[in-house]
1. Name the residue that is nearest to residue 9 (Cα to Cα), counting only residues in segment 38-50 that are in contact with a helix residue (DSSP H, G or I) (Cβ under 7 Å, 6 or more places away or on another chain) and modelled with pLDDT under 90.
2. Look at residue 37 and say whether it is surrounded by 11 or more Cβ atoms within 10 Å (Cβ to Cβ), in contact (Cβ under 8 Å) with a residue 40 or more places away in the chain, in a helix (DSSP H, G or I) and under 15 Å from the mean Cα position of the chain (by Cα).
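The values are calculated or read from the model by the stated rules, or taken from the named source; none is laboratory data. In this text, all values refer to a predicted model and were calculated from it rather than measured experimentally. Note that each Cβ is placed from the backbone with ideal geometry, even for glycine, and that neighbours are counted across all protein chains shown.
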């Protein structure tokens, strides 16, 4: 099954938005020094954009 260009763009937009949200979460918890959560959010932000 192939995706249309519109479907592909929608997926890319969704994944980039999720990555941005994860980075925002990282910035919010950074002052709390909860390193496992920070690492998890950064990992998710990086790998959620993989297609």
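1. Step by step, filter segment 38-50, then rank; the result is 49.
2. Details: surrounded by 11 or more Cβ atoms within 10 Å (Cβ to Cβ): yes; in contact (Cβ under 8 Å) with a residue 40 or more places away in the chain: no; in a helix (DSSP H, G or I): yes; under 15 Å from the mean Cα position of the chain (by Cα): yes.
Against the criterion (surrounded by 11 or more Cβ atoms within 10 Å (Cβ to Cβ), in contact (Cβ under 8 Å) with a residue 40 or more places away in the chain, in a helix (DSSP H, G or I) and under 15 Å from the mean Cα position of the chain (by Cα)), residue 37 does not qualify.
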